[in-house]
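S.K.: Got a structure for you, questions after.
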Amino acid sequence: MIWVVVMLRVRVSPPGLLTTSLAGSPLAQPYTFSFTTDTPVVRQAIPTGDLVPPTTPITITFTQPMDATSNAAALTILPQNAPANTPSFPGHITWSDDARIHTFIPSQPFPLGEH
């Protein structure tokens, strides 16, 4: 799934159509407004900082429901200075019921002292 930003325009009483109240009074003049839809962003990622226990799950919270398959494929967890071809740490991913919270649970403890 690809998310794109979309500008939408809403018009009440476009030309040729009349919007009226239940009493039959017409809208005084047409009304138009617009808005832009938002792409998903990460709202929160934990843990952060130093001295995190090496078995701590990694939780990422998104602003919108996310596709589990594409997110699992896009997630890599590596030591900070690892070479580009280093495989990601093994583990499994769980999702909240609303598909906004992604939790990576490591299969084994992360190495001590790694960033």
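The values are calculated or read from the model by the stated rules, or taken from the named source; none is laboratory data. These numbers come from a predicted model, not from an experiment. No Cβ is skipped: glycine too gets one built from the backbone with ideal geometry, and neighbour counts run over all protein chains shown. Areas reflect the complete protein model, heavy atoms only, side chains present, ligands, DNA and RNA absent. Shrake-Rupley method; radii C 1.70, N 1.55, O 1.52, S 1.80 Å.
S.K.: Going by accessible area, probe 1.4 Å, with all protein chains left in place, what is the ranking of Leu75, Leu22, largest first? Please list the in-between numbers first.
M.R.: Numbers: Leu75 40, Leu22 190 Å².
Correct descending sequence by accessible area is Leu22, Leu75.
S.K.: Here are labelled values, (1) 14.3; (2) 18.4; (3) 15.1, and one is the computed Kirkwood radius over Cα pairs in Å for what I pasted. Which one?
M.R.: (2)
S.K.: Among Leu112, Leu17, Leu78, what's the order by accessible area (1.4 angstrom probe), most exposed first? Provide the component values of the computation, followed by the final result.
M.R.: Numbers: Leu112 145, Leu17 120, Leu78 60 Å².
Most to least solvent-accessible, the answer reads Leu112, Leu17, Leu78.
S.K.: Taking the dipole about the Cα centre of the chain, with the C-beta of Lys and Arg at +1 and of Asp and Glu at -1, give me whichever of Pro87, Val6, Thr69 is farthest to the positive side.
M.R.: Val6
S.K.: Ignoring any ligand, DNA or RNA, what whole percent of the accessible area of the chain comes from carbon and sulfur when the probe is 1.4 angstrom?
M.R.: On the way: 5180 of 8620 Å².
It is 60 percent, rounded to a whole number.
S.K.: Let me ask something else. Order 34-46, 95-107 from most to least packed using the mean count of other Cβ atoms within 10 Å.
M.R.: Working: 34-46: 11.0, 95-107: 14.1.
Going from most to least packed, we get 95-107, 34-46.
S.K.: Next up: I'd like the Karplus ³J(HN,Hα) series for the stretch 86-100: coefficients 6.51, -1.76, 1.60, θ = phi - 60°, whole numbers in Hz, and an x wherever there's a Gly or Pro.
M.R.: Listing the rounded values in order: 5, x, 5, 4, x, x, 10, 10, 10, 10, 5, 4, 8, 6, 9 Hz.
S.K.: Roughly speaking, what is the centre-to-centre gap between the stretch 78-103 and the stretch 20-53 when only Cα atoms are used, to the nearest Å?
M.R.: Using only Cα atoms, the two centres lie 29 Å from each other.
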